[in-house]
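Trainee: Attaching a single structure in structure tokens format; questions to follow.
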Amino acid sequence: MELKIEYSNDSFTSEKLEALVVFVVEDSDLSGSGLSALPGDLKKNLNDSIKLKVFTGKKDKSQHLFSGYAKIPQILAIGLGKKDELDAETLRRAAGKAGKMLTLLKANKVGFVVTSLIQNAVEVDAGQVLVEGLTLGAYEFNTYKKSQNEKKNSKSITIKCCDPEKLTSLKDLKNGKIRAEGTNLARTLGNTPANDLKPKDLAAEAKRIAVKYKMECTVLEEKDMRKLGMEMLLGVSRGSREPAKLIILEYTHQQAKQTVAIVGKGVTFDSGGISLKPGKNMDEMKFDMCGAAAVLGAMKVIGQVNPKLNIIAVIPTTENMPGGDAQRPGDIVTAHNGKRVEILNTDAEGRLILGDALSYVVKEYKPDAVIDLATLTGACVAALGHLTTGAVSNNDALMEQVRRAGNISGDRVWQFPSFPEYGESIKGKYADLQNIGGGDSGVIVAGLFLEHFVDKTPWVHLDIAGTSWNVKHLGYQPNSGATGVGVRLLVDFVEEWQPLK
Ligand code: BES
Ligand code: MN
Ligand code: ZN
């Protein structure tokens, strides 16, 4: 559902809204929630429901109430939890909850209130966070539901930000919307089934972004990859009828002094190849391009917020299928950087396509830092579940910047150790490397495989296998399907970028 944003800073005297979203701190009256500016009748009824403990402002709790005030008949009261625990992520989740409620509400115009209590609890602009949460929460994927499609997709709702204390601005609200819409693009790319989203479709999306936001887009075809010696990527693609692509999207800024590369895994379907996956949940492997989706979503936002940095986005994209010409366990291929790699499991394909992409981008663009995002290992889901992205890095200062961006954006990150001993198991028997270790600590081993292709460039690998989908019952996240994880992390990262010492 599309949200249209309006802004007003007069104090409710003229407002006529079908509903008002209010965020309430736990166990406080409304003045304690900074809502003393609300119109009298509305305030009285809401206060009564708090006194009667119909609604107490507990975190994750919400209540749909009738206000008894004719100009604003309905209230969506959303709990924020305890005042001293309030932070931006709590606010974003509360707004997300409200956004979900809006999709069910029959209303065309709804308001929400920004208060100094909320603004004081967060470092960033509260209006931005609220619009971000609302827009993320209101996301729906119903392209394939014929009956709902016609009604819902055309449905849009006007959201009026009521800001009697003059705390935020239309520009900040728009920023929240841009960030959420980039995330929602990544979600839709992720949710689209693999029969409708092939490598060529990711390339088409990249070209659309390039045209719209004046970026440079190059798509390398298999013949180009052959010349460049990218046998790891080509090897994965052999089992599929769909040609692989290497998508390069370049954003440059006139005043940029540095360049950052972002690389996203774009396996549009991962059957495992000849090392075929079991049938259970194999449908979820349409999400194996969520790294690519995060990179595209981030570039869409970057095109609108114009950070002073050059950003090179690279997406290796292919299907991993077991066709008659598929690569076999035991095959040995030569990577873009010349290393020989023995394929011991065709299902460890992400690291192969990323290895060639990483090697290419560090050689051609000499970036000051590189970040890759990939749904790389089931081991990461086992270790961290669905709430935290795993990281492996060769540079502490860069890792710290990524961690910070994770905390600001809500896409939180946790680093794994990467002591060199963990890399012993992928030393090759017949070649330089092999693509699986055969032991435990799968997240780290996969990360250390990638490190062989970054040639000392400061690098952070983000394993988003757990966080890309199936994040249930979390404020602004959909209860099923892709989350768009990584988009806002990447945006905050490039916006906060500091040259490494
Ligand atoms: N795309 C998968 C990783 C994955 C699995 C993500 C399940 C989310 C849920 C990846 O290509 C893969 O198959 N990894 C293997 C590696 C193994 C063969 C070393 C895995 O994790 O099982
Ligand atoms: Mn796989
Ligand atoms: Zn995969």
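Trainee: In the range 297-308, is there at least one residue being within 19 Å of Ala244 (Cβ to Cβ), out of contact with any Pro (no Cβ under 7 Å at 6 or more places or on another chain) and among the hydrophobic types (A, V, I, L, M, F, W, C)?
Mentor: no
Trainee: Condition first: open to solvent by 30 Å² or more (accessible area, probe 1.4 Å), assigned to a helix (DSSP H, G or I) and closer than 25 Å to Asp196 by Cβ. Now tell me which residues in the range 209-246 satisfy that.
Mentor: Val211, Lys212, Glu222
Every residue, every condition in (1) farther than 17 Å from Lys16 by Cα; (2) open to solvent by less than 70 Å² (accessible area, probe 1.4 Å); (3) free of Cβ contacts under 8 Å to residues at least 12 places away in the same chain, yes or no:
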| site | (1), (2), (3) |
| --- | --- |
| Asp48 | yes, yes, yes |
| Val54 | yes, no, yes |
| Ser67 | no, yes, no |
| Lys71 | no, no, no |
| Lys83 | yes, no, no |
| Glu89 | yes, yes, no |
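Trainee: For the range 405-453, enumerate the residues that are of a type in the set (Lys, Arg) and out of contact with any helix residue (DSSP H, G or I) (no Cβ under 8 Å at 6 or more places or on another chain).
Mentor: The answer is Lys427, Lys429.
Trainee: Which residue out of Leu104, Leu130, Leu173, Leu117 is open to solvent by less than 10 Å² (accessible area, probe 1.4 Å) and in the same structural domain as Ala88 (by TED's automatic domain parsing)?
Mentor: Leu130
Trainee: I'd like to know if the range 325-332 contains one or more residues that are under 24 Å from Arg488 (Cα atoms) and surrounded by fewer than 24 Cβ atoms within 10 Å (Cβ to Cβ).
Mentor: Within the range 325-332, not a single residue is under 24 Å from Arg488 (Cα atoms) and surrounded by fewer than 24 Cβ atoms within 10 Å (Cβ to Cβ).
Trainee: Continuing with this model, one more query. Those residues that are in contact with a strand residue (DSSP E or B) (Cβ under 8 Å, 6 or more places away or on another chain), away from ligand 1 (no atom under 13 Å from the Cβ) and among the acidic types (Asp, Glu), I need them from the range 303-346; list them, please.
Mentor: Asp331, Glu342
Trainee: Name the residues in the range 312-324 that are open to solvent by less than 10 Å² (accessible area, probe 1.4 Å) and more than 12 Å from ligand 2 (Cβ to nearest atom), would you?
Mentor: Answer for the range 312-324, where residues must be open to solvent by less than 10 Å² (accessible area, probe 1.4 Å) and more than 12 Å from ligand 2 (Cβ to nearest atom): Ile312, Ala313, Val314, Ile315, Pro316, Thr317.
Trainee: Can you pull out the residues in the range 245-288 that are among the aliphatic types (A, V, I, L, M) and either more than 10 Å from ligand 1 (Cβ to nearest atom) or over 20 Å from the mean Cα position of the chain (by Cα) (or both)?
Mentor: The answer is Leu246, Ile247, Ile248, Leu249, Ala256, Val260, Ala261, Ile262, Val263, Ile274, Leu276, Met282.
The values are calculated or read from the model by the stated rules, or taken from the named source; none is laboratory data. No experiment lies behind these values; they were computed from the predicted model shown. Note: ideal-geometry Cβ built from the backbone for every residue, glycine included; neighbour counts use all protein chains shown. Surface accessibility is based on the protein's heavy atoms, side chains included, excluding ligands, DNA and RNA. Shrake-Rupley method; radii C 1.70, N 1.55, O 1.52, S 1.80 Å.
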